[in-house]
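Working notes, structure below.
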Amino acid sequence: MNRTLLTCCLSAALVATAAQAAPAAEPPETVEINVQASHPDVQGLPADTKAVSGFSHRAHAETYLPGLQAFSRFPYEDGFTCAACHHDAATPGEAGSCLSCKTADAMLAKVGGPAKVKNLYHDTCKACHRAMAKAGRDTGPTRCNGCHGK
Ligand code: HEC
Ligand code: HEC
Ligand code: HEC
């Protein structure tokens, strides 16, 4: 193997390793949804009275959502379910540690500001459960305690 080829293969291998190590593309198994705790920088949020503990994040992304587009308030594709909740993300890597790939502020501005964070999440989460329940399908909770109970 000549030197140029070797150098080329080595850098390709390094790039591949870096790509595998990138954590952002892996949907975490569960997440704590508490915007006041995870985004202390955002001004004007309502009082922290509710959170959703142990949300089955990976199961939603990989198992539940495929095929349920008709029930979702936000569009997504079976090959990219992330967009159902990470509304501005264009790739799995962009679905990140905030409400969207962009800043939490930008996402909240779309629903009328931080004070309306409840609407954003209820549109994202509860709307699908509601529409499915109405259609007689097995789905997630529609009552407050089903999500906020723990
Ligand atoms: C059903 C809704 C939903 C789907 C689908 C979804 N996510 Fe999430 N994800 C969330 C919520 C809610 C959070 C927490 C947001 C916050 O607290 O700011 C989150 C957080 C994350 C985080 C940050 C976790 C942390 O603890 O910092 C990553 C990374 C992530 N999601 C990646 C993905 C990827 C990749 C996909 C698609 C394969 C995906 N998500 C699909 C709702 C969803
Ligand atoms: C497009 C539809 C859809 C969206 C969007 C959605 N869910 Fe669900 N959810 C489901 C379905 C379907 C189930 C039940 C799956 C099962 O039990 O087989 C479920 C189950 C649940 C459960 C019951 C426990 C469990 O995980 O099985 C909770 C809690 C829940 N969802 C919370 C949320 C929250 C919070 C969000 C928003 C961040 C959300 N869901 C977004 C469809 C959706
Ligand atoms: C499908 C799940 C789901 C159901 C059902 C649901 N919520 Fe929520 N709600 C959420 C999520 C997720 C958030 C965002 C929590 C956070 O980030 O703090 C939220 C936020 C809120 C907030 C904003 C305050 C805060 O601390 O963020 C209030 C108030 C609230 N919900 C009340 C209710 C009430 C009352 C009901 C029943 C009528 C209800 N919710 C049903 C998922 C749900």
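The values are calculated or read from the model by the stated rules, or taken from the named source; none is laboratory data. Everything numeric in this text was worked out from a predicted model, so none of it was measured. Cβ atoms come from the backbone with ideal geometry, glycine included; neighbour counts cover every protein chain shown. Calculation scope for accessible area: heavy atoms of the full protein, side chains included, ligands and nucleic acids excluded. Shrake-Rupley method; radii C 1.70, N 1.55, O 1.52, S 1.80 Å.
Going by the structure shown, is Thr63 part of a loop (DSSP other than H, G, I, E, B) and open to solvent by 40 Å² or more (accessible area, probe 1.4 Å)?
Working: part of a loop (DSSP other than H, G, I, E, B): no; open to solvent by 40 Å² or more (accessible area, probe 1.4 Å): yes.
Answer is no for this residue.
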Over the stretch 38-54, the set of residues open to solvent by 50 Å² or more (accessible area, probe 1.4 Å) and within 8 Å of ligand 1 (Cβ to nearest atom) is Ser38
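Taking Val31 as the residue in question, decide whether it is open to solvent by 50 Å² or more (accessible area, probe 1.4 Å) and either modelled with pLDDT of 95 or more or at negative phi (or both).
On the way: open to solvent by 50 Å² or more (accessible area, probe 1.4 Å): no; either modelled with pLDDT of 95 or more or at negative phi (or both): yes.
Taking the combined requirement at face value, the residue does not satisfy it.
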The condition from (1) in a loop (DSSP other than H, G, I, E, B); (2) open to solvent by 50 Å² or more (accessible area, probe 1.4 Å); (3) within 11 Å of ligand 2 (Cβ to nearest atom) that Ala90 misses is numbered (3)
Just one listed residue, out of Ala84, Ala95, is under 25 Å from Pro141 (Cβ atoms), away from ligand 3 (no atom under 12 Å from the Cβ) and in contact with a Ser or Thr (Cβ under 7 Å, 6 or more places away or on another chain), and it is Ala84
Pairing a residue in the stretch 36-64 that is on the phi > 0 side of the Ramachandran plot with any residue that is in a loop (DSSP other than H, G, I, E, B), where Cβ atoms lie under 9 Å and the two sit 6 or more apart in sequence or on different chains, gives Gly44/Gly113; Gly54/Thr30; Gly54/Lys150
Is it the case that Thr7 is at pLDDT 95 or above and in a helix (DSSP H, G or I)?
no
A careful count of residues in the stretch 120-150 that are more than 16 Å from the chain's Cα centre (by Cα) and either more than 10 Å from ligand 3 (Cβ to nearest atom) or within 13 Å of Pro46 (Cβ to Cβ) (or both) gives 9
All conditions in (1) within 29 Å of Asn145 (Cα to Cα); (2) at pLDDT below 95; (3) not hydrophobic (A, V, I, L, M, F, W, C) are true of His57 except (2)
For the stretch 28-54, the count of residues that are in contact with a helix residue (DSSP H, G or I) (Cβ under 6 Å, 6 or more places away or on another chain), hydrophobic (A, V, I, L, M, F, W, C) and under 19 Å from Thr124 (Cα atoms) equals 4
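Taking the conditions exactly as written (part of a helix (DSSP H, G or I), among the small types (Gly, Ala, Ser) and modelled with pLDDT of 95 or more), does Gly146 satisfy them or not?
Values: part of a helix (DSSP H, G or I): yes; among the small types (Gly, Ala, Ser): yes; modelled with pLDDT of 95 or more: yes.
Considered against the rule, which asks whether it is part of a helix (DSSP H, G or I), among the small types (Gly, Ala, Ser) and modelled with pLDDT of 95 or more, Gly146 comes out as yes.
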The correct count of residues that are among the aliphatic types (A, V, I, L, M) and assigned to a loop (DSSP other than H, G, I, E, B) in the stretch 129-143 is 1
